[in-house]
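A quick write-up on the structure given underneath.
The values are calculated or read from the model by the stated rules, or taken from the named source; none is laboratory data. This is a predicted model, so every value here is computed, not measured. Every residue, glycine as well, gets a Cβ built from its backbone with ideal geometry; the counts of neighbours run over all protein chains shown. For accessibility, only protein heavy atoms count, side chains too; no ligands or nucleic acids. Shrake-Rupley method; radii C 1.70, N 1.55, O 1.52, S 1.80 Å.
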Amino acid sequence: MAQYIFGYGSLMNSASRQLTGQTSPAIPSTAHGFKRYWGKVDSSYILSPLVVDKGQGQVNGVMLEVSQTGLAEFDRRERGYHRVEIEPQQLDTSVSLTEQDNVWVYIKDNPEPPCSLSPIMQTYVDTVLVGCLEISEQFAKQFVEHTIGWHFPLENDRHQPKYGNLAGVTPQHHATIDALLSSVRA
(Lines give C-alpha, C1' and ligand atoms only; values in the text may rest on other atoms or scores of the structure.)
Protein backbone atom coordinates (compact mmCIF):
# COMPACT_ATOMS: atom_id res chain seq x y z
CA MET A 1 0.00 0.00 0.00
CA ALA A 2 1.38 3.39 -1.01
CA GLN A 3 0.41 6.86 0.24
CA TYR A 4 0.44 9.78 -2.18
CA ILE A 5 -0.22 13.48 -1.86
CA PHE A 6 -1.58 15.36 -4.86
CA GLY A 7 0.22 18.72 -4.65
CA TYR A 8 -1.28 21.61 -6.60
CA GLY A 9 0.48 24.70 -5.17
CA SER A 10 3.78 25.18 -3.36
CA LEU A 11 4.14 21.39 -3.00
CA MET A 12 4.91 21.27 -6.74
CA ASN A 13 8.20 23.06 -5.95
CA SER A 14 10.85 20.50 -4.94
CA ALA A 15 12.88 22.97 -2.82
CA SER A 16 9.75 24.14 -0.97
CA ARG A 17 8.63 20.53 -0.35
CA GLN A 18 12.00 19.65 1.14
CA LEU A 19 11.47 22.33 3.82
CA THR A 20 8.77 20.00 5.22
CA GLY A 21 9.73 16.41 4.47
CA GLN A 22 10.87 13.81 2.01
CA THR A 23 8.77 12.63 -0.91
CA SER A 24 9.31 10.66 -4.08
CA PRO A 25 10.14 12.65 -7.21
CA ALA A 26 7.15 14.63 -8.50
CA ILE A 27 4.99 12.95 -11.14
CA PRO A 28 2.91 15.40 -13.23
CA SER A 29 -0.79 14.52 -12.96
CA THR A 30 -4.25 16.03 -13.37
CA ALA A 31 -7.14 15.65 -10.93
CA HIS A 32 -10.69 15.94 -12.27
CA GLY A 33 -13.67 17.07 -10.20
CA PHE A 34 -11.78 19.86 -8.44
CA LYS A 35 -11.32 23.63 -8.87
CA ARG A 36 -8.24 25.65 -7.80
CA TYR A 37 -8.74 29.15 -6.38
CA TRP A 38 -6.86 31.92 -4.68
CA GLY A 39 -8.49 32.06 -1.25
CA LYS A 40 -8.05 32.56 2.46
CA VAL A 41 -7.41 29.49 4.58
CA ASP A 42 -7.90 31.13 7.98
CA SER A 43 -7.49 34.49 9.64
CA SER A 44 -3.95 33.75 10.89
CA TYR A 45 -2.52 33.77 7.35
CA ILE A 46 -0.96 37.01 6.10
CA LEU A 47 -1.51 35.86 2.54
CA SER A 48 -4.14 34.07 0.51
CA PRO A 49 -2.68 30.80 -0.78
CA LEU A 50 -4.08 28.40 -3.32
CA VAL A 51 -7.03 26.31 -2.27
CA VAL A 52 -8.82 23.47 -3.99
CA ASP A 53 -12.44 22.54 -3.52
CA LYS A 54 -14.59 19.86 -5.09
CA GLY A 55 -16.36 21.04 -8.22
CA GLN A 56 -16.51 21.01 -12.00
CA GLY A 57 -13.02 21.42 -13.32
CA GLN A 58 -9.52 20.06 -13.41
CA VAL A 59 -6.35 20.85 -11.53
CA ASN A 60 -2.85 20.05 -12.71
CA GLY A 61 -0.38 19.12 -10.03
CA VAL A 62 2.04 16.43 -8.94
CA MET A 63 1.74 13.03 -7.29
CA LEU A 64 4.17 12.62 -4.39
CA GLU A 65 4.68 9.32 -2.61
CA VAL A 66 5.15 9.84 1.14
CA SER A 67 5.69 7.66 4.18
CA GLN A 68 3.19 7.66 7.05
CA THR A 69 5.57 9.97 8.97
CA GLY A 70 5.88 12.20 5.92
CA LEU A 71 2.09 12.40 5.61
CA ALA A 72 1.91 13.65 9.22
CA GLU A 73 4.59 16.29 8.45
CA PHE A 74 2.63 17.56 5.44
CA ASP A 75 -0.61 17.53 7.47
CA ARG A 76 1.10 20.01 9.85
CA ARG A 77 2.29 22.16 6.94
CA GLU A 78 -1.19 22.22 5.41
CA ARG A 79 -2.99 23.25 8.62
CA GLY A 80 -6.24 25.04 7.85
CA TYR A 81 -7.00 22.59 5.05
CA HIS A 82 -8.47 19.12 5.40
CA ARG A 83 -7.21 16.05 3.62
CA VAL A 84 -9.59 14.06 1.42
CA GLU A 85 -9.02 11.04 -0.78
CA ILE A 86 -9.04 11.29 -4.57
CA GLU A 87 -10.49 8.29 -6.37
CA PRO A 88 -8.09 6.73 -8.91
CA GLN A 89 -10.56 7.29 -11.78
CA GLN A 90 -10.37 11.06 -11.09
CA LEU A 91 -6.65 11.10 -11.92
CA ASP A 92 -4.73 11.29 -15.15
CA THR A 93 -1.32 10.05 -14.04
CA SER A 94 1.49 7.72 -15.07
CA VAL A 95 1.44 6.17 -11.56
CA SER A 96 0.02 2.64 -11.54
CA LEU A 97 -2.38 2.77 -8.60
CA THR A 98 -3.81 -0.26 -6.85
CA GLU A 99 -7.00 -0.39 -4.79
CA GLN A 100 -4.87 -0.38 -1.62
CA ASP A 101 -3.13 2.90 -2.53
CA ASN A 102 -4.33 6.20 -1.11
CA VAL A 103 -4.09 9.53 -2.94
CA TRP A 104 -4.76 12.55 -0.73
CA VAL A 105 -5.40 16.18 -1.57
CA TYR A 106 -5.66 19.10 0.84
CA ILE A 107 -8.86 21.04 0.24
CA LYS A 108 -10.73 23.99 1.72
CA ASP A 109 -14.51 24.10 1.65
CA ASN A 110 -16.00 27.47 0.69
CA PRO A 111 -12.79 29.51 0.71
CA GLU A 112 -13.10 33.26 1.22
CA PRO A 113 -11.57 35.42 -1.50
CA PRO A 114 -8.28 37.27 -1.02
CA CYS A 115 -8.46 40.90 0.12
CA SER A 116 -6.02 43.76 0.71
CA LEU A 117 -5.37 42.49 4.29
CA SER A 118 -4.72 38.94 3.06
CA PRO A 119 -3.59 39.31 -0.57
CA ILE A 120 -1.98 36.92 -3.02
CA MET A 121 1.79 37.23 -2.37
CA GLN A 122 4.12 37.38 -5.36
CA THR A 123 6.73 35.20 -3.62
CA TYR A 124 4.10 32.46 -3.16
CA VAL A 125 3.15 32.74 -6.85
CA ASP A 126 6.87 32.60 -7.73
CA THR A 127 7.38 29.45 -5.62
CA VAL A 128 4.42 27.69 -7.24
CA LEU A 129 5.36 28.66 -10.79
CA VAL A 130 9.00 27.61 -10.34
CA GLY A 131 7.57 24.23 -9.28
CA CYS A 132 5.49 24.15 -12.46
CA LEU A 133 8.53 25.13 -14.54
CA GLU A 134 10.43 22.15 -13.05
CA ILE A 135 8.00 20.12 -15.20
CA SER A 136 7.56 22.37 -18.27
CA GLU A 137 6.50 25.81 -19.43
CA GLN A 138 3.29 24.25 -20.84
CA PHE A 139 2.52 22.81 -17.39
CA ALA A 140 3.00 26.33 -15.94
CA LYS A 141 0.65 27.81 -18.58
CA GLN A 142 -1.97 25.18 -17.73
CA PHE A 143 -1.64 26.12 -14.05
CA VAL A 144 -2.26 29.80 -14.82
CA GLU A 145 -5.24 29.01 -17.09
CA HIS A 146 -6.92 26.64 -14.58
CA THR A 147 -6.55 28.81 -11.48
CA ILE A 148 -9.47 31.08 -10.52
CA GLY A 149 -9.07 34.50 -8.92
CA TRP A 150 -6.12 36.25 -10.53
CA HIS A 151 -8.09 39.54 -10.32
CA PHE A 152 -7.83 39.66 -6.50
CA PRO A 153 -5.28 41.90 -4.72
CA LEU A 154 -1.65 40.87 -5.22
CA GLU A 155 1.28 42.25 -3.24
CA ASN A 156 4.70 42.23 -4.87
CA ASP A 157 6.89 41.22 -1.92
CA ARG A 158 9.92 40.13 -3.95
CA HIS A 159 12.07 42.84 -2.30
CA GLN A 160 11.06 41.66 1.22
CA PRO A 161 9.55 38.14 1.05
CA LYS A 162 6.61 37.39 3.36
CA TYR A 163 6.00 33.81 2.23
CA GLY A 164 7.64 31.41 4.70
CA ASN A 165 8.20 28.47 2.32
CA LEU A 166 9.82 30.51 -0.45
CA ALA A 167 12.45 28.26 -1.97
CA GLY A 168 14.12 27.51 -5.27
CA VAL A 169 13.29 30.91 -6.81
CA THR A 170 16.08 33.02 -8.28
CA PRO A 171 15.92 36.49 -9.87
CA GLN A 172 16.47 34.73 -13.23
CA HIS A 173 12.98 33.19 -12.87
CA HIS A 174 11.17 36.54 -12.53
CA ALA A 175 10.98 37.46 -16.25
CA THR A 176 9.61 34.01 -17.18
CA ILE A 177 7.05 34.16 -14.35
CA ASP A 178 5.99 37.71 -15.25
CA ALA A 179 5.51 36.64 -18.89
CA LEU A 180 3.38 33.65 -17.82
CA LEU A 181 1.19 35.96 -15.73
CA SER A 182 0.85 38.69 -18.36
CA SER A 183 -2.34 37.12 -19.74
CA VAL A 184 -4.12 37.21 -16.35
CA ARG A 185 -2.64 40.31 -14.71
CA ALA A 186 -3.23 42.78 -17.54
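Structure notes:
- Between 0 and 90°, nearest 10: helix 122-135 axis offset from the chain longest Cα axis: 50
- Degrees between helix 171-181 axis and first principal axis of the chain (Cα, 0 to 90, nearest 10): 90
- Here the accessible area is traced with a 1.4 Å probe on the protein chains. For the range 1-139, carbon and sulfur cover 47 percent of it.
- Most mobile of 56, 90, 18 in a GNM of the chain (Cα contacts under 10 Å): 56
- Here residue 85 and residue 45 are evaluated by their C-beta separation; at R0 = 25 Å the FRET efficiency comes out at 0.50.
- Hull-based mean projected area of the range 125-179, where the convex hull spans the alpha carbons, in square nanometres: 4.1
- Accessible surface area normalised per residue over the range 1-107 is 44 Å², counting heavy atoms of protein chains with a 1.4 Å rolling probe.
- Whole-number D in µm² s⁻¹ for the range 39-162, Kirkwood Cα-pair radius fed into Stokes-Einstein, 25 °C, 0.890 mPa s: 153
- Extension gain for residue 96-residue 24 works out to 24.5 nm (0.36 nm per residue, less the C-alpha to C-alpha distance).
- Considering helices alone, the calculated mean residue ellipticity of the chain at 222 nm is -7500 deg cm²/dmol, with DSSP H runs of length four and up weighted by -39500 (n - 2.57) and normalised per residue.
- Helix 68-77 and the longest principal axis of the Cα set of the chain meet at an angle near 20°.
- Projected-area average for the range 1-71 over all orientations - Cα convex hull basis, square nanometres: 5.5
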